[in-house]
1. How about segment 92-109: which of its residues are polar (S, T, N, Q) and within 26 Å of Thr40 (Cβ to Cβ)?
2. Do you know which residues across segment 69-92 are charged (D, E, K, R) and in contact (Cβ under 8 Å) with a residue 40 or more places away in the chain?
3. Of the conditions (1) touching a residue at least 60 places away in the same chain (Cβ under 8 Å); (2) of a type in the set (A, V, I, L, M); (3) in a helix (DSSP H, G or I), Ala154 clears all except one; give me its number.
4. Could you check segment 97-120 and list, in sequence order, the residues that are open to solvent by 60 Å² or more (accessible area, probe 1.4 Å) and not hydrophobic (A, V, I, L, M, F, W, C)?
5. Could you check segment 135-171 and list, in sequence order, the residues that are open to solvent by 80 Å² or more (accessible area, probe 1.4 Å) and modelled with pLDDT of 95 or more?
6. Looking for something modelled with pLDDT under 55 and either among the β-branched types (Val, Ile, Thr) or farther than 20 Å from Ala87 by Cβ (or both) - is there at least one such residue anywhere in segment 36-51?
7. Scan segment 25-70 for residues that are open to solvent by less than 20 Å² (accessible area, probe 1.4 Å) and assigned to a strand (DSSP E or B) and jot them down.
8. Being crowded, with 16+ Cβ neighbours inside 10 Å, of a type in the set (A, V, I, L, M, F, W, C), at pLDDT 95 or above and part of a strand (DSSP E or B), is that true of even one residue in segment 123-134?
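The values are calculated or read from the model by the stated rules, or taken from the named source; none is laboratory data. Fair warning: this is a prediction, and the values are worked out from it, not measured in the lab. Because the Cβ atoms are built from the backbone with ideal geometry, glycine has one as well, and the counts that use them run over all protein chains shown. What goes into the accessible areas is simple: the full protein's heavy atoms, side chains included, and nothing from ligands, DNA or RNA. Shrake-Rupley method; radii C 1.70, N 1.55, O 1.52, S 1.80 Å.
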Amino acid sequence: MRKEIFLVALLLGLLGCGYSLVGTGSSALPVGVKTVYVPTFINDTTVVGLEQRLTDAVIRELSARGRLKPVADRSAADAELSGRLTACSVTPVRFDANGIAVEYQVTVSGKLVLTEKATDKPIFSEPAYLFRQPYTVPSSASSYYDREREAIEAMARPFAQNLVTTILEGF
């Protein structure tokens, strides 16, 4: 009898502890928000094409997650994710014996807002969103051509994953 009471109490304690795996918890989104329109982010940086790379990566990540379906028609969306990229830097942080950079730190900052269209109220707002990602130059790279572009392309997917996780999980 005592064992049964203990097991029931233990199970209730575990169920109510509040822990859950990332991606399985309740979303920070309102129940009625199922679709999102993502216009191309505004690019206030000097990096040409940054807005397109990051917007495309965010749309692909939203599609892959399935919780918030991106739509091409603004009027068909329940929410809109707008962004303004305010800064981007690619800084060498590690060098080889010859003084050639072998690792960079890519940093992107911006202002991001997810607005529920029915109420015109922000669901998610981050006026100082900051994302950092290291980029290690592949050992197969024999020449220097444009490491900045290469590093930014490598950073686009992790940027999108981080942003979408932040929005969907409410971190």
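1. Filtering segment 92-109 for residues polar (S, T, N, Q) gives 98, 105, 107, 109.
Selection gives Gln105, Thr107, Ser109.
2. Quick first cut of segment 69-92, residues charged (D, E, K, R) only: 69, 73-74, 78, 80, 84.
Passing the criteria: Asp78, Glu80, Arg84.
3. With respect to (1) touching a residue at least 60 places away in the same chain (Cβ under 8 Å); (2) of a type in the set (A, V, I, L, M); (3) in a helix (DSSP H, G or I), Ala154 is out only on (1).
4. Of segment 97-120, the ones open to solvent by 60 Å² or more (accessible area, probe 1.4 Å) are 97-98, 100, 111, 117-120.
Hits for segment 97-120 are Asn98, Lys111, Lys117, Thr119, Asp120.
5. First, pick out the residues of segment 135-171 that are open to solvent by 80 Å² or more (accessible area, probe 1.4 Å): 139-140, 142, 144-145, 148-149, 153, 157, 171.
Hit for segment 135-171 is Arg157, nothing else.
6. Restricting attention to segment 36-51, the residues satisfying the condition of being modelled with pLDDT under 55 are none.
Within segment 36-51, none of the residues are modelled with pLDDT under 55 and either among the β-branched types (Val, Ile, Thr) or farther than 20 Å from Ala87 by Cβ (or both).
7. Answer for segment 25-70, where residues must be open to solvent by less than 20 Å² (accessible area, probe 1.4 Å) and assigned to a strand (DSSP E or B): just Val36.
8. First, pick out the residues of segment 123-134 that are crowded, with 16+ Cβ neighbours inside 10 Å: 123-124, 126, 129, 131, 133.
From what is left, the residues that are of a type in the set (A, V, I, L, M, F, W, C) are 123-124, 131.
Add one more test, that the residue is at pLDDT 95 or above, and what stays is 131.
Narrowing further to those that are part of a strand (DSSP E or B): 131.
Within segment 123-134 (the criterion being crowded, with 16+ Cβ neighbours inside 10 Å, of a type in the set (A, V, I, L, M, F, W, C), at pLDDT 95 or above and part of a strand (DSSP E or B)), the answer is yes, since at least one residue qualifies.
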